[in-house]
Structure formats: C-alpha cells, structure tokens
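Read the figures in this text as sums done on the coordinates, not as results from a lab. Computed from a prediction, not measured in an experiment: that's the story for all the values here. Don't worry about glycine lacking a Cβ; one is built from the backbone with ideal geometry, like all the others, and counts go over all protein chains shown.
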Amino acid sequence: MHRSSATALTLAVLTVLATGCSDGGADTDAAPGPSAGATGTPTVESTPDTVTATADATPTAGSAANTAQVCRAVDQLIIDGSRQIVADSTEATREELTPEQLNGKLKGRLSRLADDVRAQSRKAQDARIRKLVDETAAKIDKGAAAKSPATWMGTDFVDIPPRLTRDCHV
C-alpha cells in the first residue's frame, strides 16, 4: 500500500470525524455527534484512542417522534464507520497492502455502512427524514462502487456529516 494513499484516506476520515454529526442534544445518553456551543462551533474531543465530535440540535415540533433517535443512530453509524475505516487504513499501511487491496476493503466497509444506514431509513416515521437517510445510503453506495473509494472518501464522504447536521435535526 502506498503511504500517500493511506495518509490521504486517514486525513479524509479524520475530517469527517472532526466535522461530526448532530446528536439531537437533549438526550445525555445519546451517541456522539457534533455539538455546537454558544458560538455554533462544533467541539471535538480527542484522546489517543478516540475522536468524538458533538453538536446540539433539537427536532422541531413538526418532526416525527423518532426523528432524533433515527438521526442519532445514523450519526453514530457514520462515526463508527469512519473509525473503522481509519483502523483499516492503519492496518493496510502496517501490512503494506496495495491500493487495490485497500480499495477492496473500503468497498466492503462502505457497502456494509450503506446497508446499516438504509436500515435506519426504514425506521424513520418522518418522510423527509426517511428520504434524507435513503439519499445518504445511496451516496455511500456510490462510494462503494467508485473506482477509487479512497478518493471518493476525500471528496464526497466528507460532505455527509455536515448535511446530516444541517438537515436531519431540523
């Protein structure tokens, strides 16, 4: 595996983790997602073993009862998937995998992530949230089908958390 490919992929995934997703705010046991303080700036907590991004957002009065739950679950899937991709990238560097081997791992990881996100879509009671989560799964499917999933991660995957933060919790 070429170190520059692994480094670029790791940076792209870390950008996703730093950008984060919204956690729905009120639930203290909620999965991590972006948390905007009074300034609206996401905060990122990082230890050597973990990276957590969090943000406050509350579903509007017109949203379905399970909107916050579905959005938090999708946020957590994206965060967990990102962490797994970083771990895969680290392992690929250690094992000196070829770019083709890394792409194979990424395709499998992204395909599973899309399936997991799609499963959350089926749980959404709000049609707008169901559509957003379906679109997110379809976008991840495109990454799994891309010739170079690592390149897709740096250009398209990084757009998913901000969109979820903006659209899933309003």
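Figures for the structure shown
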{"quantity": "Inter-probe distance in nm under a simple model that places probes 7 Å from Cα toward Cβ, at Arg83 and Ala65", "calculated": "3.0 nm"}
{"quantity": "Filtered trypsin sites (Lys or Arg not before Pro), region 55-153: DSSP coil and at most 12 other beta carbons within 10 Å", "calculated": "Lys147"}
{"quantity": "Estimated FRET transfer efficiency (Gln125, Asp159; beta-carbon r; R0 35 Å; 0.05)", "calculated": "0.85"}
